[in-house]
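These notes concern the structure reproduced below.
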Amino acid sequence: MSIPQIVYKGHGTGNDFVMYADPDGEYEPTEDEIRFLDDRHFGVGGDGLLRLTHPRYVSDLSAEQVADLEAAGAEWFMDYRNADGSLAEMCGNGTRATALFAQRLGYMDAPGGEPLRLGTRAGVKVLTSLGEVPGLGRNVFRIDMGAWKAGESRAFVVTIPDHEGAARGTFVDMGNPHVVAVLEDRSGRGLADDATLPAVEDLDLARKPVVDPVLASDQNAEFVRVDAIDEESGTGRAFMRVNERGVGETLSCGTGLCATAVTLRQLTGIGDWTITVRGGTLRVAVDDAHVELTGDAAIVGKVELL
């Protein structure tokens, strides 16, 4: 096998991963190995695989990409793969789990120390360790997710097989592609007046949503309920569920949370959101230039493969 005998299990607000460190570039996984490790019945189980290594040991990166990452201060790289073995550009929850893993291995400073500049296929992401934060968790990290791009508001039609109705979705590029649909609005702003899909909690997201027009890249699809907006403080609260390409429904999706906040800012003008997913609660701050995501991470076990 091209994976080490010892791997770890970690998660970021329920978005779970098989993880291992590969400082010498010996263990680049095959698609079959990834599918085995992430299988919840026959393997360790996870939404994806995180390999912590140096940029020069990631075979799909060009020499120019490696040079750019190293010039930007990224000594370490999050080589993230979806559970089906496919490459992924970025995973917001994965960066926090990777940062905690790096911290436990002595590759990142403790809370209050220097941030980690982590290489990803979507560029360098800067993570700051905050330690315990009430309401968010014990091992909280804030990540600067960098620049975002959004398409025309509600330009896509989103449906779900065997569900009646449809919703309008907005395309957001967070280094990976998302289409975000608001299905419910408890703020009284009428943000979901055109949505006819069932309530967010009632969706069967084991079924892959259908997006029209079709995106050649495929996409993650987010479904959102707006719970409250406080105009005075400029903050909002929302609930989100997500179907991730190459995985299915996950308990959390970091880039999806960011895409949701970008979409809600586009609709409401509010840039600071507390968003609950099935795996926990996170905070997202959006401005014209970038997005910051703050949430918890955990390492839950060490596994010896036989």
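List of remarks:
- Counting Lys and Arg as +1 and Asp and Glu as -1 over every other residue whose Cβ lies under 13 Å from the Cβ of residue 54, the net charge comes to -4.
- Rg/Rg_ref, the range 35-98, where Rg_ref = 2.2 N^0.38 Å and atoms are Cα: 1.21
- Cα-only radius of gyration and Dmax that characterise the chain, units Å: 18.7, 57
- With DNA, RNA and ligands ignored, accessible area of residue 305 (1.4 Å probe; Å², nearest 10): 20
- Label point 7 Å beyond Cα of residue 147 along Cβ direction - residues of the range 67-97 with amide nitrogen under 20 Å: 67-74, 89-92
- Average accessible surface for the chain: 41 Å² per residue, computed with a 1.4 Å probe over protein heavy atoms with every protein chain in place.
- Using alpha-carbon coordinates, inclination of helix 254-268 to the longest axis of the chain, degrees: 30
- The gain in end-to-end length when the residue 104 to residue 207 segment is fully stretched comes to 33.4 nm, 0.36 nm per residue minus the alpha carbon separation.
- Cut-off 14 Å between beta-carbons: net charge of the residues surrounding residue 69, Lys and Arg +1, Asp and Glu -1: -3
- By average C-beta atoms within 10 angstrom, highest first, the peptides 82-94, 8-20, 179-191, 205-217: 8-20, 82-94, 179-191, 205-217
- Theoretical ellipticity at 222 nm over the chain - DSSP helices of four or more residues, -39500 (n - 2.57) apiece, nearest 500: -4500 deg cm²/dmol
- Rg/Rh for the range 149-292, where both radii come from Cα atoms and Rh is the Kirkwood radius: 0.92
- The value for the range 47-200 of Rg(Cα) / (2.2 N^0.38 Å) is 1.26.
- Charges were assigned to the Cβ only: +1 to each Lys and Arg, -1 to each Asp and Glu. The resulting dipole of the chain about its Cα centre is roughly 440 debye.
- Nearest-0.05 FRET efficiency for residue 306 and residue 189, computed from C-beta distance (R0 45 Å): 0.20
- Working note: Cα gyration tensor of the range 6-131, eigenvalues times five, square-rooted, sorted largest first, giving semi-axes of 22, 18, 12 Å.
The values are calculated or read from the model by the stated rules, or taken from the named source; none is laboratory data. On a predicted model such as this, the values are computed, not experimentally measured, just so you know. As a convention, Cβ positions derive from the backbone with ideal geometry for all residues, glycine included, and neighbour counts pool all protein chains shown. Ligands, DNA and RNA are excluded from the accessible area calculation, which covers all protein heavy atoms including side chains. Shrake-Rupley method; radii C 1.70, N 1.55, O 1.52, S 1.80 Å.
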